[in-house]
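Working notes, structure below.
The values are calculated or read from the model by the stated rules, or taken from the named source; none is laboratory data. Worth saying up front: this structure is predicted, and the values here are computed from it rather than measured. Note that we place each Cβ from the backbone using ideal geometry, even for glycine, and neighbour counts take in every protein chain shown.
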Amino acid sequence: METGRFERMTISNEFLILNFISIVVLFIVCSFIVTGCMQTGESQAAELKDVKDATVASDLDELLTTVYCYCGCTRETIEVCTCVTARNIEGNFRDRLLAGETVEQIRTDYLDTYGPQYYAVMPVEGINLLAYAMPVIILALIGGIVFVMLRRSTKSMQSTAAAGAHEASASQVSDETVKQVEAELESYKRES
């Protein structure tokens, strides 16, 4: 079959249209990539500052929740305490974190100055080990008791099922015996 001159032209136009659309899409994608690369350079500096601020905020939160305020109002962490002393301590901690000190350095210095009784987290040593271990021990004991109880109930259910099967087989034998006796009785009555 021979194609006409206009059909070839239509195919060529379709090819050109598809190529044109591909080029436009490629141009749009490239412009987004170039714009993104330009903004990335600016935003990387802002992101580094945001990351540093987030790190400082996280470290500050850790400090404020693990150390008691020494003001004497009540035994509350610095985060919860509403006195002026707690706000001053918070500002001091923030300045020291921004200066580059670590959480451990600041906490150790604070506890050395005011005493270990202001540490809100119970250290894992001495008699405190018992407090940390007790939940695990209690859960293990409860699990062991539940396991033993389930084991016993399973064994009793198995023995009950075996006894029921034995009674059922005994009743089957007796039913068969009764039927056999009745059949013999009938045959004896017919003979007599």
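Just checking, how many residues over segment 108-151 are loosely packed, with under 10 Cβ neighbours inside 10 Å, of a type outside the set (S, T, N, Q) and in a helix (DSSP H, G or I)?
5
Please specify each residue of segment 105-126 satisfying the condition of being at pLDDT 85 or above and of a type in the set (D, E, K, R).
Those that are at pLDDT 85 or above and of a type in the set (D, E, K, R): R107, D109, D112.
Which numbered condition trips up C73, out of (1) modelled with pLDDT under 90; (2) under 32 Å from the mean Cα position of the chain (by Cα)?
Unmet for C73, out of (1) modelled with pLDDT under 90; (2) under 32 Å from the mean Cα position of the chain (by Cα): (2).
For V80, state whether it is under 31 Å from the mean Cα position of the chain (by Cα), within 16 Å of E62 (Cβ to Cβ) and without any contact (Cβ under 8 Å) to a residue 24 or more places away in the chain. Break it down into steps so the answer makes sense when it comes.
Numbers: under 31 Å from the mean Cα position of the chain (by Cα): yes; within 16 Å of E62 (Cβ to Cβ): yes; without any contact (Cβ under 8 Å) to a residue 24 or more places away in the chain: yes.
So V80 fits the description; yes.
Among the residues of segment 83-107, what is the count of those that are β-branched (V, I, T) and either surrounded by 12 or more Cβ atoms within 10 Å (Cβ to Cβ) or in contact with a Ser or Thr (Cβ under 6 Å, 6 or more places away or on another chain) (or both)? Break it down into steps so the answer makes sense when it comes.
Let us first name the residues in segment 83-107 that are β-branched (V, I, T), namely 84-85, 89, 102-103, 106.
Now narrow it down to the ones that are either surrounded by 12 or more Cβ atoms within 10 Å (Cβ to Cβ) or in contact with a Ser or Thr (Cβ under 6 Å, 6 or more places away or on another chain) (or both): 85, 89, 103, 106.
Number satisfying all stated conditions: 4.
Could you list, in sequence order, all residues of segment 115-143 that are in contact (Cβ under 8 Å) with a residue 40 or more places away in the chain and polar (S, T, N, Q)? Explain how you work it out, then say what you get.
Quick first cut of segment 115-143, residues in contact (Cβ under 8 Å) with a residue 40 or more places away in the chain only: 117-121.
Within segment 115-143, Q117 is the sole residue that qualifies.
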